[in-house]
Each structure stands twice: as C-alpha cells, then as structure tokens.
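Trainee: After the structure tokens below, expect a handful of questions from me.
The values are calculated or read from the model by the stated rules, or taken from the named source; none is laboratory data. Note that the structure is predicted; figures quoted are calculated from it, not measured. Glycine gets a Cβ as well: all are built from the backbone with ideal geometry, and neighbour counts include every protein chain shown.
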Protein chains: 2
Amino acid sequence: MSFENDESIIIGIDPGTVVTGYGLIRVEKSSYRAIDYGCIRPPSGYKLSDRYLVIFEGVCALLDKHQPGVLVVETQYVHKNVQSAIKLGMARGVTIVAAKSKGIPVFEYSPTTAKMSVVGNGRASKSQVQGMVQRLLDLSALPTPEDASDALALAICHAQRLNDYSTASREI
Amino acid sequence: MSFENDESIIIGIDPGTVVTGYGLIRVEKSSYRAIDYGCIRPPSGYKLSDRYLVIFEGVCALLDKHQPGVLVVETQYVHKNVQSAIKLGMARGVTIVAAKSKGIPVFEYSPTTAKMSVVGNGRASKSQVQGMVQRLLDLSALPTPEDASDALALAICHAQRLNDYSTASREI
C-alpha cells in the first residue's frame, strides 16, 4: 500500500547514537498540532553498526506511518570531541538517507535559528525550548525527553519558514 | 528472490561523497579472486542528501548482486578539515546501514593496518597499494581508480585476518 506524502506534516529529527529524538507536527492554517513525538533508543549493549540500523529502521517506520512531506535536521557543528562528531555525522547520514530513500526532501537549521524561531532567543536554554514547544503545540505536559522537544522545535522552525518567505530555509 | 549471503565473498568500501570505491573478492583456499571493483560517483550537481542516496542505493545494489558475507570499511580519523570529516562520517554511516539492513556484519581496519596487510608497509603509497593489489589478485591491469584499489585492499586485509586468528579484527 502506498500513500502520497502529506505536505502539511513535518518531521523533525535530533539524531544521536544513544538517543534520537523525533517530533511530528501538522501545519494547520495558523497553528501547529503535535501528531507524535518521542525517541528512538538503541539498546545500550548494541554495537555502533547495530545502533545505526535501529535508528534507520526507526526513522523509516515513522515515515511509513505518518507520511510526512519534509524531514528537518539540525545543522551539525563540531564542538570539542571530534570522534563524537563523526558518530553523530553517521547517525545524521542514516537519518537523511532514510528520508531520501522515500523521496522526502531534507532541510536543516542551525540550533540558533531553531531557538530563535521558537523562543525568540537564539541562546535559549533547553527548558525554555520545552516550555515554548508545549505552548505552541498546546500540549498538556512538557514534551520530554529534551531530544523530542528539540525535534519538535525543528519542525516548528520549518513550519514558520513556510509562512515567511523572507527567511531562507536550506534544503540539503 | 532471496539468497543466503556467500561467506567467501568480501566487499570493501572506501566511502566518500564525491567518489565511493568498492571492491569485491572471493576467498579461495590460498588465494583471492577479484569479482568486481569500481566506484560510485554521484552526479556532480547533486546536493549532499541526494549524494547519500546514490551511495546508499549503489551499495545496496552491489550487496544484492553479489551477496557478500561481510563488508569492510576503513577506520575514520580526522585530519585537518572537520567539516569534511563530518561529510565522510555521513557517507560511512550510510554504507554501514546498507550492510546491516541486509544482515551483513561490518568490520573496520585502519589505513595503516590495510597497507601493512597488503604491502607489508603501513606507510605504503597509494600506487604501491595498487601494484600489490594487482599482484595478489592476478589482475591484468592496475586496479583504478585508487578508491577502488583501496577498497580491494580492505577486502584483502580482512581475508588475511580470516586465516590468521592471532590478529584481532574489529567488528563495529
């Protein structure tokens, strides 16, 4: 069975080899509604290659279930640990190819852009992001874990760009 | 149609967003035979996410065609350019997940180990590696490009480990 992807559904993914957060929203006329959010956690004893498979299959399952029209990831910067950056890059590559293998375009935003978009402050804390994501999506509780909240923030960031053509979004 | 993977076939992959080299060998009693080698080159105008898809689908097609029992990649180190390392990490993640999605285990060796294994010198040049790969596989011409030769060297490196249990190989 095959459906057309739903252009009004956006999935944000915050990839990581330990926790990969995800968040799906539906864009309605002037508001956003949360469809699903949570995280993919490969079992702790798994070796790295099996972790990537769990992430790939987990993301594919979400895409099959919800048929989003676009996938959004965070721009990757390197901070201190380069080996961690490589591992994160691999998880990110796996996420991107999951989307592209289903014909879904991939966009990226910097963490600063996502925070600015949701909180109005590019240096907002993770708990400030959680609070604003809860408000914008009218959730009854704070979205947890933070990885899921960050993924929802990415989806919201992209949704806001759809309504504001003055701000460039970046397809990768 | 589904076949059991052939444990005597090893595929080496040298991933990259511009050129991904591949090399497949069959391990016979005391020798190795080249089955196929070459490279996957995503069209130059493609954006990064489409490049990953070309690599993923290219590797999947090779796995489906030849049904290798194991996939071998090079250990990734970071040299100068960290952004390049992240891109390479993503191509590497895509390669690893292609193998794991088909139940194929993934091993890695450092460039030094692969060169030591094939040439007997961990600091051998790429052209020395090409020459020895040609000899070991009894090829009528030098294997080109170097990315394909490097991929064949990785496969040979793993094959030699299979016959020498004193040297640990590293499943990732």
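Trainee: Only one of A:S49, A:S30, A:S44 is within 14 Å of chain B (Cβ to nearest Cβ), of a type in the set (S, T, N, Q) and without any contact (Cβ under 8 Å) to a residue 40 or more places away in the chain. Can you tell me which?
Mentor: Of A:S49, A:S30, A:S44, the one residue that is within 14 Å of chain B (Cβ to nearest Cβ), of a type in the set (S, T, N, Q) and without any contact (Cβ under 8 Å) to a residue 40 or more places away in the chain is A:S49.
Trainee: Among the residues of segment B:101-128, count how many are hydrophobic (A, V, I, L, M, F, W, C) and over 14 Å from the mean Cα position of the chain (by Cα).
Mentor: Residues flagged as hydrophobic (A, V, I, L, M, F, W, C) and over 14 Å from the mean Cα position of the chain (by Cα) within segment B:101-128 amount to 3.
Trainee: May I pose another question? Among the residues of segment B:53-86, which ones are closer than 27 Å to B:D6 by Cβ, touching a residue at least 12 places away in the same chain (Cβ under 8 Å), out of contact with any strand residue (DSSP E or B) (no Cβ under 6 Å at 6 or more places or on another chain) and facing another protein chain (nearest Cβ under 10 Å)?
Mentor: Scanning segment B:53-86 gives B:V54, B:F56, B:C60.
Trainee: Given the criterion away from chain A (no Cβ under 14 Å) and at pLDDT below 95, identify the matching residue among B:G122, B:G89, B:G131.
Mentor: Result: B:G122 is the single residue among B:G122, B:G89, B:G131 that is away from chain A (no Cβ under 14 Å) and at pLDDT below 95.
Trainee: Specify the residue that is modelled with the highest pLDDT; the eligible residues are those in segment B:2-27 that are of a type in the set (A, V, I, L, M, F, W, C) and touching an Asp or Glu at 6+ places or on another chain (Cβ under 8 Å).
Mentor: Going through the qualifying residues, I end up with B:L24.
Trainee: Can you name the condition, by its number, that B:E57 falls short on among (1) assigned to a loop (DSSP other than H, G, I, E, B); (2) over 23 Å from B:A114 (Cα atoms)?
Mentor: In the conditions (1) assigned to a loop (DSSP other than H, G, I, E, B); (2) over 23 Å from B:A114 (Cα atoms), B:E57 misses (1) alone.
Trainee: Let me confirm something: among B:L53, B:L71, which residue is modelled with pLDDT of 90 or more, closer than 27 Å to A:G58 by Cα and more than 15 Å from the chain's Cα centre (by Cα)?
Mentor: B:L53
Trainee: Residues to consider are B:T167, B:T113, B:T144; find the one that is more than 10 Å from chain A (Cβ to nearest Cβ) and modelled with pLDDT under 90.
Mentor: Being more than 10 Å from chain A (Cβ to nearest Cβ) and modelled with pLDDT under 90 holds for just one of B:T167, B:T113, B:T144, which is B:T167.
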